[in-house]
Each structure stands twice: as C-alpha cells, then as structure tokens.
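K.L.:
Input: one structure, supplied below.
The values are calculated or read from the model by the stated rules, or taken from the named source; none is laboratory data. Just so we're clear, the structure is a prediction, and the values are computed from it rather than from any experiment. Glycine gets a Cβ as well: all are built from the backbone with ideal geometry, and neighbour counts include every protein chain shown. Remember, those area values only see protein heavy atoms, side chains included, never the ligands or the DNA or RNA. Shrake-Rupley method; radii C 1.70, N 1.55, O 1.52, S 1.80 Å.
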Amino acid sequence: MKDAIGRHLSYSIGKTPGAATLRDWRMAVSLAIRDRMADAWFASTRRTYEAGAKRVYYLSMEFLVGRLLEDGIVNLRLEERVSEALAELGQDYAEVIADEPDAALGNGGLGRLAACYLESMSTLGCPAYGYGIRYEHGLFRQQIVDGRQVERPETWLQQPHAWEFERPESRYEIGFGGSVRDGTVWTPGESVWAEAFDTPVAGWNGRWVNTLRLWSAKPTEPFDLDRFNRGEYAAAAESEALARTISRVLYPDDTTEQGKELRLKQEYFFSAASIRDILRRFESQFSDLRQLPEKVAIQLNDTHPAIAGPELVRLLCDEKGLDFDEALQIAQGTLNYTNHTLLPEALEHWPEGLFGRLLPRHLAIIDRIDHAHAKANPSRTSSVRDHGQVKMGELSFIMANRVNGVSALHTELMKSTVFAELHRLHPERIVNQTNGVTPRRWLLSCNRRLSTLIEERLGLGWVDDLEQLHDLEPHLDDPAFLDAYAAAKTANKADLADWMNRTQEGLTADPAMMFDVQIKRIHEYKRQHLNILETIALWQAMRDAPNAGWTPRLKLFAGKAAPGYVFAKEIIHLINAVAKVVNADKITNKMLQVAFLPNYNVSLAEKLIPAADLSEQISTAGKEASGTGNMKFALNGALTIGTLDGANVEIRDRVGAENFFLFGMTTDEVDQRRAIPDHAAKAVEADSRLARALAAVRDGRFSPEDPGLFRGIADNISGPDYFLVASDFSDYWRAQREVDGAFANAGDWTRRAALNTARSGWFSSDRAIRGYLDDIWGAETLL
Ligand code: GLS
C-alpha cells in the first residue's frame, strides 16, 4: 500500500513527498484504492456478459454519493493497511479522508437513496449501472450570513476528481427543437454531445463492482476561430458555454421560462444518452430487440427521467423500424417507475408549448401512447395531456411494468389519491418497496465506536446481513454492554461538541445535554417551524421556572432551502435568530442551546447521526413519502419523536411503540382537521404556550432591530397553516416532555437506544434491493 501510494504520488501526481500537499496525498491514496477496484470491475462485466444476465439500469437526476475515499477503503477492507501506510509516510488518515470534497450531486433523500442502492446492488452482485448527470457545480453550497441562507456555487470539480474515468469514445449527439417531417423524421434545431464519465462502485468486500456513468454536456460546434480572430472572444466561445449550461448545476431555479426549459433539456439530455447507451450495449450482445424486457430493467427514479419512455419508443420505431404497438409493448416491459412524493408541486408537469418546441416528435409519441392506453382502457377519464400541461407522473405510470412507492403508507396513499384511477385500471401494477440505507456507510464507517462494539459481540456478519443485529438483544441484559453502548454515544457527542464549539459562534455544546437533531431539506411539510416554536415555548417555560429540573437540551438543525422558496428561507433565518437570543441567555443557557449548522451534506450527516440522542421526524402525516434519515438515526441508537408518516410507521412497528415517541394527527385526522374553518386560530386559542411563543415571534422578540421581520411566519401558523403546525403543537409539546422524563433515566434510555439499533436491521438497502430484484426487475444476482 505504501509503495502504491508512493508510486501514484510520483508518477500520477508528479510530486515528491517533501513537496506534496494534503490534496496530493489524498489523490495518491484515492488512485491507489481505485486501482484495487479495477480487476473486480472488469471481472464483473465479464461475468455479466458470460452469464447473458439481465442488467439493471437506475436512471436518476441525483446521485448524492458524498465522499468516496473512505467508502472505497472500507468496502475493500483496507483500512488498517491504508492507515498504517499513511502513518509511515507521515500523514494522518483522518485528515486525508476529510480533505475530499463532497460530491453534492443531489438534493436530499431521493439522491442519497440512489447512492445507497448502487452500493447495495454491488454488494449483492446485481449487474447494474447508475445513469445521471455530471454536474459541474452540483447543489449549491450554503452559507449563513447574518442568520440568512446565501447560496454559493459548489466547486467540487474545480480540482481533478480521483474516481472517474473519462470515456470520450462513449458519446451521443442529443438534439433539441427543430421540426418533424412526414410524421416521423425529426431534424433537431440544435444539439450537444453527451460524454460519459465512469466511476466504479465497489460493494462490500470488493467482490463486485458496478458503474456509475454520468453524462457531461459538450458542444458539437467547435470553437469559432473566425470570430475569435476578429476579436469577438466572448461570441467565439458562446456555443461552448451554452452546451455546458446543461450539465452545469443541479435544479436550476425554474421559476423563469428559461429555467424551465433548461431543466427539461437536462432531463432529456441524460435520459436520451442513457437509453442509447443501453440499446448499444444490448445490441452488442443480443440480436432480437423483442428480448429487451428479458435482458434489461430500467428504473426511473421519480419522473425526472420519464422522457426515457417516449425516447425508447421513438428509437425502436423511428430508428430500428419496429411498428408502434410492438415498440410500446417492449418499452412497457422494460421500464419501471418509483414515485417519491405525493406533493402536487413536486409531481412534474410541463407546459405543452415548451414541450412541443423542445421535443416535437416526443409530444406526438406521447399522444399516441395515451391514445393506445385509452383505447385499451375505455373507462379511463384522465389523460397525460391536461389543461395545456404534459403530466409526467401519468406518463411514467402508463409506461411502466411496475410502479412503486417508498413506504407502506405512501404506497397506499398513491393508490387512493394521485394514481387512484390508474390503479383501478391496473390493480397489479403498484407495489411497495420501503426505502433502505446502506449499513456500510451509515453504521460501520460513520460510527466506528458503535460498530466496533457490535463487532466485539457479533463479529461482522451483520454488515451485509443487517437483520443479525437482532442478536444484540440478549446482550442488553449485560450491564457491561449497555455501559459500552452509552460510552460510545457519549464519545461521539464529545467529538461533535468539540467541533461545533470551535466552529459555531456563540454556542457552548455540552455532551451531557440531550442532542436533539433535525437535519433534512427545509420545507414546511417537514415542519422545522414546529420544532423552533416548541424551542421558543420551552425557553419561555425555563425562564419562568429556571429551577424546575429541566432536562438540558441542544437543539440542532441543518438543511438547505430551495433558492426560490422564500418561506423556507425565513424559517432558517428564524432558527438562527432564536439561537442567538437563547444561547446568550444566562438564565437558561446551561439548559438550552440552539444551533443551525451550515451547508448540510452527506459528510455532515455522517458526523451528526452517530452523536444524536433524539431524531426529529415530525412531518405532517401523509406528506413525507418515506424518509431515510429516520432509519439512519434509529440504526445509530437515536430515539425518534415522530408522527405516523412515511417509514416512521414501520420504524415504530419494528423498534416497538415503547421505544418511539409518537405524537400528532394521523393522515385521516389531518384531512378532517383541515376541513375545519379557523383550525389554526382554534388551536392557538386552546394552548396558551403556543399563543405566547407565537406572540414572541410576531412581536420581534428575536428581531428587535426589525420587529416585523418574522411576522409572516407567525401569521402563517395562526392563519392558513396548511401543514397544521398549530394543531399538532400541543401534542408535540406533550411528547417532548415525555422525552425529557425518559432521558433523565439514563440507564433506561440507553436500553431503548440499543433496542433501536438491534431492531433496525430491516432498514438495510440490501433488503430493499432484494425486494426490487424479486418484485420489479425479475433479475438475478451473480454472487
Ligand atoms: C423524497 C421524499 O421526500 C422522501 O420522503 C423519501 O425518503 C425520498 C426517497 O424515497 O424521496 N422525494 C423527493 O422528491 N425527495 C425526497 O427526498
């Protein structure tokens, strides 16, 4: 290992040890680890060809992979060798690992799920490819300036990326716009190249390695030398800049017409390139396109790649010469669709004008698909095109062999709400696959203290068979085990507290406090504002009775708000404003501290989750499709305070109701409550704590220099309150006080935390992928 690192330092990076920077060392180690993946990578491909096996293709706008070096080292079981080698070379292992920038190619749970699934597919030996976009800047980097979110471009690719292989020979010309002649001959008005970059994804023990193939946009028109020579430098580079725009950022602000167009271009760009690549690979091995459903399963991760359906039909008809009905049947046998949200604003639809301008041939194909479907299902009343919009959820459903939800509750709600009619017509099509998380990253490597303790008791079999964690339960009768479990948590908290106290102004975190954590995208349905309101009420109650024996708490928040989502940004501002006041209050600040940690990403989650005592999963029932953070917390021994929403329901069933703090209305109760006029005003009237906390927000207690600053939030909660913050407040307060009481009994708390770990094995992404293999893809594993 030492030689391998040394060789890369000299011959790949071109530095001597004396001149090498931390980045140089990190690059050299990364290349040495990547080398060790190569043989298994080639072998995986060879075995897939030899077996004539079915391949799985996971198309996703997001792959939130985070850092890759530690993942690679852990999965190849090279940790000791690397840390020893680095020590001999005078380098610090942890520093080298931490030098890697996060690949922030995703927004939240949907993108992280795609990353966990890729890793699990490799662990299980399922031949698979991830297909997405190689965003130059990924999701924005969040800074907090004067309490407010400021977005800065993410710069992860400004330095060479150690893990990828550029494949200039694998490129496809992707067209947009133009016109259609004779009904089928599409001549695009402009085009770009989609060029492939491949990253190997190694599973546990490095026995199988799959590929993440990300597309980068390149100009088809070379740089304009004539204009350059005339001194028109900017104009000369214009076509290149325009082409690159397509793979520049994740989720461009689509509140403008240009933003919408760019987003649709991105979706077509990566879907079309992927479909062509899939067909090319298929045809290199098989000759009959009718075999496609037998040899290929394509998973559409949400509706973002939905255009892959019409594109596949188009290629089969217009380019391969199949007739339309046959092409449609082949495509429907090959494609599957995962729905990740029921929120109407997140279910994609495109204005027909824009769609027809950019993808004229596809719009005609969508109409034909829709007509064929309506003909076969005469009782259907809805259609893909509706009120001048093209509805991508409907399209995805119609084009899919299987459609899945991501938790039991969410799947049932899909059947009874957004897809009620299509479900009636195709009652066998919707299936459930509750989400999962990879135990390699989310326990073994992020929580060394706990995973070492588990290894001492159970060995390492649980790492790829997570249900084995059940075998911890007998150890809970051993006081030494519980002490060690508590000690691991305390040490994780101490590390986090040290780091936060160094980096967060005004904060004095103490590991003896309860670490109460809410980390996720900032959204009204996730109700960070319910949490901060309860924080305010708690602070007021503490000030009233400072000696009432309060359980000391640190409230931790992190998460990004979409740049155009004004209310979510106000919530961030309010949290920071409350933190400033509360942390400075000498009466309460030994009992209550609040922090908003900037730039939430995968690496920050890896720090926070192992140190959490309490996991906040407090969405309005029916709104959180599943959640995956909730699973990571339970696995790492945080108790959940949560509503009956998404996968919380299943977590509670498994860890036991007595080890979960339930509060709030159910999905049905939410609907009933919303129907009551003035539901919020009534709730405020009935709860004096809530009224007082709201008054403090409204009257500028946290913004003395601008007293009206947060009035909008208070007015929303006591007015329309669509997400029912006010109506759930009292019960949330009650559950939080139950948490206080439980935390005060340290021994019992530890036992309950350990039970959460022991009973979370079902939430492994290996289990989820087995479910997809059996119920959706009909594919075999080769290990
Ligand atoms: C999401 C849901 O909001 C989450 O509840 C879910 O866990 C995740 C993965 O299935 O998908 N849908 C979405 O649009 N973003 C998400 O994170």
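K.L.:
Output yes when any residue across the stretch 417-429 is within 16 Å of the ligand (Cβ to nearest atom) and under 22 Å from the mean Cα position of the chain (by Cα), and no when none is. If you could, list the steps in order and put the result at the bottom.
P.N.:
As a first pass, look at the stretch 417-429 and keep what is within 16 Å of the ligand (Cβ to nearest atom): 417-419.
Now drop any that are not under 22 Å from the mean Cα position of the chain (by Cα), which leaves none.
No - not one qualifying residue is present in the stretch 417-429.
K.L.:
Would the stretch 219-240 turn up any residue that is open to solvent by less than 20 Å² (accessible area, probe 1.4 Å) and at pLDDT 95 or above? Don't jump to the end; show me each part of the working.
P.N.:
We begin by selecting, within the stretch 219-240, every residue open to solvent by less than 20 Å² (accessible area, probe 1.4 Å); these are 236.
Of the ones still in play, those that are also at pLDDT 95 or above are none.
Taking every residue of the stretch 219-240 in turn, none turns out to be open to solvent by less than 20 Å² (accessible area, probe 1.4 Å) and at pLDDT 95 or above.
K.L.:
If you don't mind, another one. Quick one: what pairs do we get from the stretch 607-635, first residue in the same structural domain as Gly405 (by TED's automatic domain parsing), second open to solvent by 10 Å² or more (accessible area, probe 1.4 Å) and more than 15 Å from the ligand (Cβ to nearest atom), C-beta under 9 Å, 6+ apart or different chains?
P.N.:
Short answer, once both residue conditions are applied: none.
K.L.:
Examine the stretch 533-545 for a residue that is among the aliphatic types (A, V, I, L, M) and part of a strand (DSSP E or B), and state whether such a residue exists.
P.N.:
Within the stretch 533-545, none of the residues are among the aliphatic types (A, V, I, L, M) and part of a strand (DSSP E or B).
K.L.:
Looking at Cys116, Cys126 in this structure, which one is buried (at least 24 other Cβ atoms within 10 Å of the Cβ) and in a loop (DSSP other than H, G, I, E, B)? Before the answer, list the steps.
P.N.:
Values: Cys116 fails: in a loop (DSSP other than H, G, I, E, B).
Going through Cys116, Cys126 in turn, just one is buried (at least 24 other Cβ atoms within 10 Å of the Cβ) and in a loop (DSSP other than H, G, I, E, B): Cys126.
K.L.:
Would you point out which residue out of Lys520, Lys493 is in contact with a Pro (Cβ under 7 Å, 6 or more places away or on another chain) and among the charged types (D, E, K, R)? Don't jump to the end; show me each part of the working.
P.N.:
Numbers: Lys520 fails: in contact with a Pro (Cβ under 7 Å, 6 or more places away or on another chain).
Exactly one of Lys520, Lys493 is in contact with a Pro (Cβ under 7 Å, 6 or more places away or on another chain) and among the charged types (D, E, K, R), namely Lys493.
K.L.:
Out of the residues in the stretch 644-655 meeting the condition of being in contact (Cβ under 8 Å) with a residue 12 or more places away in the chain and open to solvent by 10 Å² or more (accessible area, probe 1.4 Å), tell me which one is farthest from Asn756 (Cα to Cα).
P.N.:
We begin by selecting, within the stretch 644-655, every residue in contact (Cβ under 8 Å) with a residue 12 or more places away in the chain; these are 644-652, 654-655.
Filter once more, keeping what is open to solvent by 10 Å² or more (accessible area, probe 1.4 Å): 644, 649-650, 652, 654.
Details: Leu644: 17, Val649: 14, Glu650: 12, Arg652: 9, Arg654: 8 Å.
Among those that are in contact (Cβ under 8 Å) with a residue 12 or more places away in the chain and open to solvent by 10 Å² or more (accessible area, probe 1.4 Å), it is Leu644.
K.L.:
Related question: Tell me, which residue of the stretch 708-724 that is of a type in the set (Phe, Trp, Tyr) and open to solvent by less than 30 Å² (accessible area, probe 1.4 Å) is nearest to Ser619 (Cα to Cα)? Steps first, answer last, please.
P.N.:
Going residue by residue through the stretch 708-724, those that are of a type in the set (Phe, Trp, Tyr) are 710, 722-723.
Now restrict to residues that are open to solvent by less than 30 Å² (accessible area, probe 1.4 Å): 710, 723.
On the way: Phe710: 22, Phe723: 8 Å.
My answer is Phe723.
So that you can scan it fast, the table gives a plain yes or no per residue for (1) among the basic types (Lys, Arg); (2) in contact with an Asp or Glu (Cβ under 6 Å, 6 or more places away or on another chain):
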site: Ala491; (1), (2): no, no
site: Leu496; (1), (2): no, no
site: Arg502; (1), (2): yes, no
site: Leu507; (1), (2): no, no
site: Phe515; (1), (2): no, yes
site: Lys520; (1), (2): yes, no
site: Lys526; (1), (2): yes, no
site: Leu533; (1), (2): no, no
site: Gln540; (1), (2): no, no
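K.L.:
Look through Glu616, Glu606, Glu624 and report the one residue that is open to solvent by less than 10 Å² (accessible area, probe 1.4 Å), closer than 29 Å to Arg148 by Cα and either within 21 Å of the chain's Cα centre (by Cα) or within 16 Å of the ligand (Cβ to nearest atom) (or both). Spell out how you get there, then give the answer.
P.N.:
Working: Glu606 fails: open to solvent by less than 10 Å² (accessible area, probe 1.4 Å); Glu624 fails: open to solvent by less than 10 Å² (accessible area, probe 1.4 Å).
It is Glu616.
K.L.:
Run Ala43 past the list (1) open to solvent by 10 Å² or more (accessible area, probe 1.4 Å); (2) touching a helix residue (DSSP H, G or I) at 6+ places or on another chain (Cβ under 8 Å) and report the number of the one that doesn't hold.
P.N.:
Among (1) open to solvent by 10 Å² or more (accessible area, probe 1.4 Å); (2) touching a helix residue (DSSP H, G or I) at 6+ places or on another chain (Cβ under 8 Å), the lone unmet condition for Ala43 is (2).
K.L.:
Would a scan of the stretch 295-307 turn up a residue that is more than 16 Å from the ligand (Cβ to nearest atom) and closer than 18 Å to Ala194 by Cα?
P.N.:
Taking the stretch 295-307 first, the residues more than 16 Å from the ligand (Cβ to nearest atom) are 295-298, 307.
Narrowing the set further to residues that are closer than 18 Å to Ala194 by Cα leaves 307.
Looking through the stretch 295-307, at least one residue is more than 16 Å from the ligand (Cβ to nearest atom) and closer than 18 Å to Ala194 by Cα.
K.L.:
Can you tell me which of Thr411, Thr438, Thr434 is modelled with pLDDT of 95 or more, of a type outside the set (Lys, Arg) and touching a Cys at 6+ places or on another chain (Cβ under 7 Å)?
P.N.:
On the way: Thr411 fails: touching a Cys at 6+ places or on another chain (Cβ under 7 Å); Thr434 fails: touching a Cys at 6+ places or on another chain (Cβ under 7 Å).
Exactly one of Thr411, Thr438, Thr434 is modelled with pLDDT of 95 or more, of a type outside the set (Lys, Arg) and touching a Cys at 6+ places or on another chain (Cβ under 7 Å), namely Thr438.
K.L.:
Which residues, taken from the stretch 382-409, are open to solvent by less than 10 Å² (accessible area, probe 1.4 Å) and hydrophobic (A, V, I, L, M, F, W, C)?
P.N.:
Hits for the stretch 382-409 are Val384, Val390, Met392, Leu395, Phe397, Ile398, Met399, Ala400, Val403, Val406.
K.L.:
Considering only the stretch 255-370, give the strands (runs of 3 or more DSSP E) lying wholly within it that have at least 1 residues that are open to solvent by 10 Å² or more (accessible area, probe 1.4 Å). Even if it seems obvious, please write down each step before you answer.
P.N.:
Working: elements: 296-301, 335-338, 349-351.
By residue number, 349-351.
K.L.:
Within the stretch 412-454, can you find the residues that are assigned to a helix (DSSP H, G or I) and touching a Leu at 6+ places or on another chain (Cβ under 9 Å)? Spell out how you get there, then give the answer.
P.N.:
Looking only at the stretch 412-454, we keep the residues that are assigned to a helix (DSSP H, G or I), and these are 412-416, 420-425, 439-445, 448-454.
Across the stretch 412-454, the qualifying residues are Leu413, Met414, Pro439, Trp442, Leu443, Leu444, Leu450, Ser451, Ile454.
K.L.:
Out of the residues in the stretch 74-110 that are buried (at least 24 other Cβ atoms within 10 Å of the Cβ) and within 16 Å of the ligand (Cβ to nearest atom), which is nearest to Asn339 (Cα to Cα)?
P.N.:
In this case the residue turns out to be Leu110.
K.L.:
Could I ask something else about it? For the condition outside any helix (DSSP H, G or I) and surrounded by fewer than 20 Cβ atoms within 10 Å (Cβ to Cβ), what is the one hit in Glu705, Glu738? Step through it out loud before you land on a result.
P.N.:
Numbers: Glu738 fails: outside any helix (DSSP H, G or I).
None of the others qualify; the one that does is Glu705.
K.L.:
Hey, any hits in the stretch 476-484 for a residue that's open to solvent by 20 Å² or more (accessible area, probe 1.4 Å), closer than 22 Å to Arg67 by Cβ and not assigned by TED's automatic domain parsing to the domain that holds Ala202?
P.N.:
Checked the stretch 476-484: no residue is open to solvent by 20 Å² or more (accessible area, probe 1.4 Å), closer than 22 Å to Arg67 by Cβ and not assigned by TED's automatic domain parsing to the domain that holds Ala202.
K.L.:
From (1) part of a strand (DSSP E or B); (2) small (Gly, Ala, Ser); (3) away from the ligand (no atom under 16 Å from the Cβ), pick out the condition that doesn't hold for Ala577.
P.N.:
All conditions are met except number (1).
K.L.:
Taking only the stretch 580-601 into account, find how many residues are in contact with a strand residue (DSSP E or B) (Cβ under 9 Å, 6 or more places away or on another chain) and open to solvent by less than 10 Å² (accessible area, probe 1.4 Å).
P.N.:
So the answer is 7.
K.L.:
Now for a separate question. What is the residue count in the stretch 508-532 for residues that are in a helix (DSSP H, G or I) and within 16 Å of the ligand (Cβ to nearest atom)?
P.N.:
Residues of the stretch 508-532 that are in a helix (DSSP H, G or I), as a first pass: 524-526, 528-532.
With the extra rule that they be within 16 Å of the ligand (Cβ to nearest atom), the set shrinks to 524-526, 528.
Final tally of qualifying residues: 4.
K.L.:
Can I ask one more? Working carefully through the options Glu84, Glu80, find the one that is over 28 Å from Ile769 (Cα atoms), assigned by TED's automatic domain parsing to the domain that holds Val29 and free of Cβ contacts under 8 Å to residues at least 24 places away in the same chain.
P.N.:
Numbers: Glu84 fails: free of Cβ contacts under 8 Å to residues at least 24 places away in the same chain.
Testing whether each residue is over 28 Å from Ile769 (Cα atoms), assigned by TED's automatic domain parsing to the domain that holds Val29 and free of Cβ contacts under 8 Å to residues at least 24 places away in the same chain leaves just Glu80.
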